[in-house]
Amino acid sequence: MSVRKKRDEIEATSEEFRTTQREFAGYADDFAADVETKRDVSEYHAAFETFETEIAEARDVFVQYNDTFDAAVAAVLQDVSQRQDDIAALRAAFERYQDTFDADVSELQDVNHLLMAIEEFQTAITETGAEFDAYAEAFDADVAQIQDIDDLLTAIDSVEDAFDDVEEAFDAYSKAFAADVDAIHADVAAEKEAFEAVTDAFESYQSEFHTVEVQALIDAVGAFESDIEDFSTEFEVTAEEFATYVETFYGMSDTESDAEIKSESEQTEQVEVNTVGDEGNVSRAEAEFETTSASAESITEDDISTSEDTTENIDIDAESESDTTTDTTELTIDTPDGMVTCRVCGEHYHAITEPHLQTHGMSIQDYRAEYGEDVPLRPDDEIQ
């Protein structure tokens with residue numbers, strides 16, 4: 001190194017030292033001023049007194065806080081004591097549980113039962129494997145048998161043959177059924193024609209029945225009933241006169257006269273029944289009665305002197321004549337023109353119908369079975 005360079009370095013270092021010295025001198029002045037300032041503590045006396053006051057107040061607060069803290073500590077200590085008791089109880093319970101747990105652990109560590117169960121399970125597994133092997137062998141045999149379909153093919157051929165037989169039988173039955181259906185259709189057509197014929201006959205009869213002058217027939221019936229009433233009145237008067245005459249003529253007692261009158265009354269009722277609906281028959285019955293009355297009146301008074309036996313004979317003859325007259329009246333009743341007589345009730349109608357026969361508990365078939373197949377049901381039928 002050259003002297004010049006060394007001298008330059010020394011100068012630089014000297015300059016740096018001088019700068020540092022000046023800074024230290026300035027710092028020393030500042031430090032001395034500060035020390036002088038700090039030596040004046042008058043202002044700190046007031047601050048110290050204030051600090052002492054604050055310390056006293058802080059002491060009071062601290063004492064108060066200490067009391068509160070002591071109370072809180074006492075409460076905490078009491079709580080800690082309670083918790084210690086709880087912890088002791090919990091420790092006792094935990095110790096008891098630990099004893100139980102230790103017993104359970106000891107029991108669980110005894111794996112004899114588990115080993116026995118494992119052995120039993122292994123035995124069951126072995127048996128199941130044997131059964132499965134046997135089932136596998138049986139299954140293989142079944143599969144081999146199922147794969148042999150010769151019997152199935154034979155059965156299918158049999159079923160096909162049976163189906164062919166059934167089809168042939170069904171075709172034959174179908175043909176026979178078709179023939180039967182044709183026959184049934186023919187019978188139905190015939191029955192339909194017969195029904196139409198019956199319908200036409202019924203409509204014809206209905207038309208004929210409704211063309212009758214019903215009102216005129218009712219008027220005729222009313223007039224006929226009036227004539228019957230008049231005739232009945234005349235007949236009763238005549239019967240009373242005849243009874244009086246017989247009592248006078250024959251000298252009969254009251255009892256015998258009553259019996260005779262009763263006989264005459266029965267005769268009158270019979271004549272009335274048999275003459276309903278037939279005015280011509282009533283006229284004939286009246287003529288016969290008048291003839292009988294005339295014959296009775298022709299007897300002279302000389303005959304009254306006859307003997308008792310003759311009187312009785314005459315009474316018998318009179319009764320016989322009366323019975324003969326009644327029988328003749330019954331037999332001479334004829335059916336009016338355009339009407340037919342019901343064989344059950346004896347009444348005359350324009351036709352013997354099913355509703356009328358039902359009033360007698362009969363049907364047309366029962367009526368024909370009772371009185372013959374040819375019994376007339378309408379006026380234009382053949383008179384039996």
Review point. Counting pairs of alpha carbon atoms under 8 Å apart in space and at least six apart in sequence, what relative contact order in percent does segment 337-384 give?
Key: 36
Revision key, fill the gap. Under the 7 Å Cα-to-Cβ spin-label approximation, GLU54 and THR335 lie apart by a distance in nanometres of 16.2
Study note, to complete from the structure: segment 45-82 and segment 1-17 have their Cα centres apart by a whole-number Å value of 69
**Study point:** Overall Cα dimensions of segment 159-211, principal axis frame, Å, largest first
**Key:** 74, 13, 5
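Values quoted throughout were computed directly from the atomic coordinates according to the rules given, and no laboratory measurement underlies them. Nothing here was measured: the structure is a model prediction, and the numbers come from that model. Please note: Cβ atoms are built from the backbone with ideal geometry, for glycine as well, and neighbour counts cover all protein chains shown.
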